[in-house]
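Only the coordinates and a few stated rules stand behind these numbers; no lab work does. Worth saying up front: this structure is predicted, and the values here are computed from it rather than measured. Backbone-built Cβ (ideal geometry, glycine too); neighbour counts: all protein chains shown.
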Amino acid sequence: MRAILLGFALGVWALQQQARLPDGAVWSALCVAFVVAMMLGVTKPRVRIASFAIGACALGFGYAAMRAEVRLREQLPAAYEQRDIALTGFVRGLPEQTEDGARFLFEVEANGAGLRDFPRIVRLLWMSPDRATLRPGERWTLTARLKRAHANANFGLRDAEATLLEHGIRATGSVSAARAPRRLTPDAAGPRLMIDRLRARARDRIETVLGDAPHRGIVVALAVGAQDAVSDADRSVMRATGTSHLVAISGLHIGFVAGLAAFAFGFVWKRVKLRGVPAPLIVAAPKVAAAGSAVFAACYAALAGFNVPAQRTLCMLLIFAIAYLCGRRPLSSLVLLWALVMVLIDDPWAVTSPGFWLSFCAVAAILHAIASAGRFESRAHSRDDDDIDQWDRVDPSEVGQRPAHTPRRKWLPVIARICGRARRHVTSGARVQYAVTIALAPLTVYWFSQVPLLGPLANAFAIPWISVLVTPATLAGLMLPAPLDAPMLHAAHGALSALCDALARLAATVPAPLWILPKPNAWALAASCIGVAWALAPRGWPLRFAAPLTWLPLLAPSAHPAPEGAFRVTALDIGQGSALVVETARHSLLFDAGPGPESTHAGERIVVPYLQAAGVRALDALVISHSDSDHAGGAPAVLQSIDVRQFLASLPANDALWSNARARGAQTLRCAAGQRWKWDGVEFQVLWPGPGPLSGKPNYQSCVLKVTNAAGRSALFAADIEADVEHALIARDAAALRADVLIVPHHGSRTSSTEPFLDFVGPFVAIFQVGYRNRFHHPHPTVFARYQMRDIVLSRSDDDGAARSEIGSQITFERYRQSHARYWMAR
């Protein structure tokens, strides 16, 4: 059975790695493979397990493909993008309050365009004074301006479009002011909306009681699973100490709450009489406790919004409870696999989320560690029992004690038993923490490019603190009516304050609490996972001490990929803006940092995570071409998270980035034509602006950088220069403009990329860094056609995602959406 369940899960995972959905030929092959596997499994006992596993794999692949076909059928036609469309529907989930409005999910019941396969769920941003009145289930008619579900696509980072697909979001946009929204009655109904309304009321109660308390967002997250109110300070502290999982309603919280519920139900049931008959004589108290814990866990998982860890825990509890009520005791590993399949049946795209892997792998590691230590533990228990029996069998006359002292000596077996149990609990807890720490380390590096060094120590006291004090107090506050809820919620916040203060002090004691590592490739990840299973093997397993050797590819990866005398340019997909990473054999440079908090937070969301995933621990130079926010907005996030040795910019003297860079220890220098330096056989040359005082608008001041390798091949970064600067560069030194790779000036606007400029540059590759359906309509059709007529290899970040050029004696070019294609892209 385990092989069959694993085979089904493997088939679901395999479908999510495909560049396209199965066609007729693939479906025929799947059907043949399934039938043949089932026949072999029935007729050939020797290959029965393998045959059934292969058949289950084909079944999982086909099931996931059918679900994908149904979900992708809902599509917004390209002709209707960014057009005002009247929508009628209702609010789903909990609206998220942001600085620029309210972001919420809207389930569409009817659309003014009359489209048949219109997206059922869209995500909208409503910038309105009335946005705070949005409640789950409210029915509205409004006008929205939509775009297809689209997200940034970058090397080494998680595919956000998969997240949109997982949640069924097939279009995004904003509420338009073309027509005033109007609320309709009655409100929508249904079990899911009833749960959302309960979650909204719970959040409102907490916010009313706690007001502006500093850790109010964590209490809300523990109560209803909404993390939008968690402060940046709390996030940074928990990220540094490896306790971020405590902010969400995880399987740990649900399991602990289920345990409390089981104790409470059993305690009460033992003292209840039904018509004079003790209740345990009618139904055994353990069975009532099991059923009660499952019901209570289901309620808490519903408050969490049924995220993947909550689903996993709830499925396991339900399976255990049903089996116990039926008089069965299933194996823990089998229960985990059944929960895995149940989660994937409900959500085949869960395999694309980090929470899925972290949750299931953590439980698998715990079960593996417990099973490996089972024999040793049973021997230890036997020794403890023998010692206690020895105390019981001692005759006072044999040890020279008088019988009068016998009552005092009767406590000795009890004390020994308590000490033995305490020792076993401590040993078991340490073993579980050790197993989870080493098991999740490879996955943490793969998904987040970091390992919190303080994680084991911080979690040792944070987990019981949250589980024993904060979570029960929060739930008690939700169950009690007002005003009795206020003391419990304040108690929960007070316990959180003490914990957060302790975590902040702990993080401050270590200069670098996070160990930043590049994202591992498939071989390094597989080797480290084998090493985890090897290290957690039973005592006496051959060469178990050598398991850490398998982690070397993960912990000590190779350096920069560019050889001596060559360099690599990665044009990140950060929407409307610019961010370019240049890597030589031993040096790294970032040219512009993308938009900041005023727009898409690309510096924090994309640029910094990419640098960490690429193994860039320090930037030898950060170049900010000019002061426009889509180029300079992400620089503060980069300066805060990455060591910068030199800050080179074309900014006014009073710009705050100068002082910020100096405060971080970077050497500052204004960008000026004539500056040159060489790294690893690669020359860097600034072509613009002139060395005099800055003048004109920011685009005129843009820093233009040319990078040339030992073979004479080069790349030109033109920032936001326009026609006047292009003419000036041609007049100054037209030969210096010659380049093989060109980052298109000003995102392909109509005021740039003149004919003479393109003739003198003569690029082989041209990269447009533009946002999807951006409001500037970049690139301009005339300019884009100008590049096409020259037979230049073109790449647009809105179509291709990030683009990467390896520039050595030859030029290799890679588009992310081609090399990492998935079936949901461009759909």
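Quick notes on this structure:
- Cα shape, the chain, gyration tensor, a/c 1.5 rule: prolate
- C-alpha center-to-center spacing [the range 758-827, the range 255-316] in angstrom: 58 Å
- FRET efficiency, Phe461 to Leu325 (Cβ-Cβ, R0 41 Å, nearest 0.05): 0.70
- The range 645-709-the range 144-176 distance, computed between alpha-carbon centres (Å): 35 Å
- Lysines whose Cα lies under 20 Å from that of Lys678, excluding same-chain neighbours fewer than 8 positions away: Lys706
- Applying a 4.7 Å cutoff between beta carbons, the unpaired cysteines of the chain are Cys31, Cys57, Cys299, Cys315, Cys326, Cys361, Cys419, Cys500, Cys529.
- Ranked by how many other Cβ atoms sit within 10 Å of their own Cβ, fewest first, the residues Lys697, Lys706 fall in the order Lys697, Lys706.
- As a length-normalised measure over Cα pairs under 8 Å and 6 or more apart, the relative contact order of the chain settles at 9 percent.
- The angle between the Cα long axis of helix 24-43 and the longest principal axis of the Cα atoms of the chain comes to about 20 degrees, rounded to the nearest 10.
- In sequence order, calculated HN-Hα J values of the range 269-286 (Karplus, 6.51, -1.76, 1.60; Hz; x Gly/Pro): 5, 5, 10, 9, 10, 10, 6, x, 9, x, 4, x, 6, 8, 9, 4, 4, x
- Long-range amide H partners of Ala171 with built H, under 5 Å: Arg123, Ala149
- Ordering Pro309, Val257, Ala339 by the projection of their Cα atoms onto the charge dipole of the range 244-352, which places +1 on the Cβ of Lys and Arg and -1 on the Cβ of Asp and Glu, puts Val257 at the extreme positive end.
- Close amide H contacts of Leu87 (hydrogens built in the peptide plane, cut-off under 5 Å, sequence separation of 5 or more or a different chain): Gly112, Leu142, Thr143, Ala144.
- Separation of the Thr812 and Arg83 label points, Cα + 7 Å toward Cβ, nm: 4.4 nm
- The range 518-564 and the range 17-81: distance between their alpha carbon centers, rounded to Å: 33 Å
- For the chain, the longest principal axis of the Cα atoms and the long axis of helix 191-210 meet at an angle of about 90 degrees.
- J(HN,Hα) series, the range 483-495, from Karplus relation 6.51 cos²θ - 1.76 cosθ + 1.60, nearest Hz, glycine and proline x: x, 6, 6, 4, x, 5, 5, 5, 5, 4, 5, x, 5
- Förster radius 45 Å - calculated FRET efficiency between Arg423 and Ala160 (Cβ-Cβ, nearest 0.05): 0.40
- In whole angstrom, the range 22-107 maps to an equivalent ellipsoid with semi-axes of 46, 18, 9, each derived as √(5λ) from the alpha carbon gyration tensor and ordered largest first.
- Annotation: amide H of His601 within the under-5 Å range of Gly596, sequence separation 5 or more or interchain, hydrogens built in the peptide plane.
- DSSP-defined antiparallel bridges as percent of all bridges, the range 567-819, nearest 5: 60 percent
- Look at the Cα gyration tensor of the range 650-761: its axes a ≥ b ≥ c give a/c of at least 1.5 with a/b at or below b/c, and that counts as oblate.
- Relative contact order for the range 79-189, counting Cα pairs under 8 Å that sit 6 or more residues apart, in percent: 32 percent
- Normalised by the number of residues in the range 674-827, the average gap of Cα pairs under 8 Å and 6 or more apart makes the relative contact order 15 percent.
- Proxy reagent accessibility, fewest Cβ within 10 Å first, across Phe757, Phe813: Phe813, Phe757
- Taking other residues whose beta carbon is less than 12 angstrom from the beta carbon of Pro597, and scoring Lys, Arg as +1 and Asp, Glu as -1, yields -4.
- Degrees between helix 232-241 axis and first principal axis of the chain (Cα, 0 to 90, nearest 10): 60 degrees
- Here Lys270 is the anchor, and the lysines within straight C-alpha reach of less than 20 Å, apart from those fewer than 8 places off in the same chain, are Lys287.
- Per-residue Cβ neighbour rank within 10 angstrom, fewest leading, Ile767, Ile366: Ile366, Ile767
- Applying 0.36 nm per residue to the separation of Ala25 and Ala731 and subtracting their alpha-carbon distance, the gain on full extension is 248.1 nm.
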